[in-house]
1. Please go through the residue pairs Lys342/Lys453; Lys308/Lys363; Lys310/Lys342; Lys110/Lys181 and name each one whose alpha carbons sit more than 20 Å apart in this structure.
2. Pop out the ³J(HN,Hα) list for the stretch 330-335 in order, Karplus 6.51 cos²θ - 1.76 cosθ + 1.60 with θ = phi - 60°, rounded to Hz; leave Gly and Pro as x.
3. Hey, any idea what the orientation-averaged projected area of the convex hull of the chain's Cα atoms comes to, in nm²?
4. Considering only DSSP states other than H, G, I, E and B, which GluC sites (Glu not before Pro) in the stretch 64-169 qualify as loop sites with at most 16 other Cβ atoms within 10 Å?
5. For the ranges 261-273, 169-181, what's the packing order if you count other beta-carbon atoms within 10 Å of each residue, average per peptide, and put the highest first?
6. May I ask you to list the residues of the stretch 229-270 whose amide nitrogen lies under 12 Å from a point 7 Å from Cα along the Cα→beta-carbon direction of Glu68?
7. Limiting things to C-alpha atoms, what are the Rg and the maximum Cα-Cα separation (Dmax) for the stretch 5-279, in angstroms?
8. Rounded to the nearest 0.05, what FRET efficiency is calculated for Glu472 and Thr403 with R0 set to 30 Å and r the Cβ-Cβ distance?
Amino acid sequence: MMKTRMIKIFDTTLRDGEQSPGATMNGEEKLSIARQLSRMGVDIIEAGFAFSSPGDFNAIRTIAQEVEGPIICSLARAKPSDIDRAWEALQGGPKIRIHTFISTSDIHLKHQFRLTRDEALKRAVDMVQHARGYVDDVEFSPMDATRSDETYLCEVLEAVITAGASTVNIPDTVGYSTPEKFGQLIRTIRKRVPNIRQAAISMHCHNDLGLAVANSLSAVLAGASQVECTINGIGERAGNAALEEIVMTLRTRKDVFCADTRIISEEIMKTSRLVSNITGMVVQPNKAVVGANAFSHESGIHQDGLLKEKMTYEIMRPESVGAGKTHIVLGKHSGRHAFKEKLEEMGYQLSDESLNKAFERMKHLADQKKEIFKEDLEAVISEEIDRAIEKYQLISIHVESGTSIIPTATVELLMNGASAKAMGRGDGPVDAAYRTIASMTKTKSRLSSYVVKAITGGTDALGEVTVTIQEEDKTVTGHGADTDIIIASVRAYLNALNKLTSRTDQQRKTGTKIKLIE
Ligand code: KIV
Ligand code: ZN
């Protein structure tokens, strides 16, 4: 068996991640992220770009001195003033690195830097030497490496390693590469740069084509030993390779990569949330590893498999990234097995008949709203429980209402086992329905309160109606829930009337099929 290689994680959330539009962080925020990155076990933190602003300078300085564990690094262009400033910010820190860079692609050299290849090579060498005058740990990046001439790129790398660079980082600055090409480039560098063994090979991939993680992993397979990445994949434009995806791929597929990192994966979710809260960059729900849906299962087939054996549909445990437990989402695709399990988790145990009825009702509800929450289920179940002692049951209701007609309601009820239908008018659709039901049931009760509220968010929310009715010295409350507020109102009223009747009769029907065990 091949030995597992340890890959170093270079986190650039505080530098490249901060280059995401709108993701600016203040010094305190950067410090709290750096502390969490250290807790999570990253090897190197690129804390900022010291020359770029006094804020970045101070943040790097504080992090270098206060955050223990990782190497703290500052970015610096290949200019003496940048490198001096990086050193000023880092000095005094126990583990520090200067990361300097210059482009090597002709496109950048010609149009942006206005340098010849020879001039850029000399600048790179001079600046690595300048940085080595301050620290032993110097990283060099040939920017836009993936669009650079390979022979020239290899020459530059050889020269900067001779000048003292201990890490050479290969950036896919514009996210142009593909996994095969990128892996090939790393292999070429390993073959054609004679002194490559004196430096660690790193990569820094952008996500313009959505290939940042795949390209990084391909580089690992080709022999690279450091990955530059960010939490949640934030970064310039479409972002950088996502740390959590790389770490969990290496850990989950050791059989493929024979590599791992020192990351304490249980800290991943916490770090993701911290970065998202601080930067305001929301994590998409279907984002791998840290998205809200990453460990949620809705399909009945998947839920059934999971409940029998987690490995059927889960390649990593949510607990391993600190994401809590597997989340079974009840929705239109869910099955009876998951429904029953969820109810039992909530403390309800239903007979088969009642479970079937409640399940049908849940499915009906799921057709109307996207996700069924615990509160929705409670409403469905309490209706099912009350149904066992029902004298009056709703068969159908039809209402007509509007600005130019008198509201009318046609109600069909199952009353003591027989169906009855009636029509009535009122001041509004609910009033019309209530008056009709009152006359059908011949109740003498009086409505003393009517409250309606949305249980869950959205216009498709389940509306819950609570009514209180009084008759002589008896007061009862009824509940009803439905996405249609008129139906919810009728259910609540009937529920109250049923309770009133059962109290009046001084007995509840026995042999109920529903048992509430909490
Ligand atoms: O994307 C890039 O090329 C960079 C370098 C500064 C490493 O961020
Ligand atoms: Zn970058």
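Values quoted throughout were computed directly from the atomic coordinates according to the rules given, and no laboratory measurement underlies them. The structure displayed is predicted, hence computed values, not measured ones. Using ideal geometry, Cβ is built from the backbone for each residue, glycine included, and neighbour counts are taken over all protein chains shown.
1. Values: Lys342/Lys453 24 Å; Lys308/Lys363 22 Å; Lys310/Lys342 16 Å; Lys110/Lys181 24 Å.
Distance filter (> 20 Å) returns Lys342/Lys453; Lys308/Lys363; Lys110/Lys181.
2. 8, x, 5, 8, 6, x
3. On the way: hull surface 129.7 nm².
Result: 32.4 nm².
4. Details: sites: Glu66, Glu68, Glu88, Glu119, Glu139, Glu150, Glu155, Glu158; in loops: Glu68.
Those that pass, being in a loop and sparsely packed, are Glu68.
5. Working: 261-273: 19.2, 169-181: 20.8.
Highest-to-lowest ranking by the protection proxy: 169-181, 261-273.
6. Those under the cut-off are none; the list is empty.
7. Rg and Dmax of the stretch 5-279, Cα atoms, are 17.0, 48 Å.
8. Working: r = 39 Å, r/R0 = 1.30.
The calculated FRET efficiency here is 0.15.
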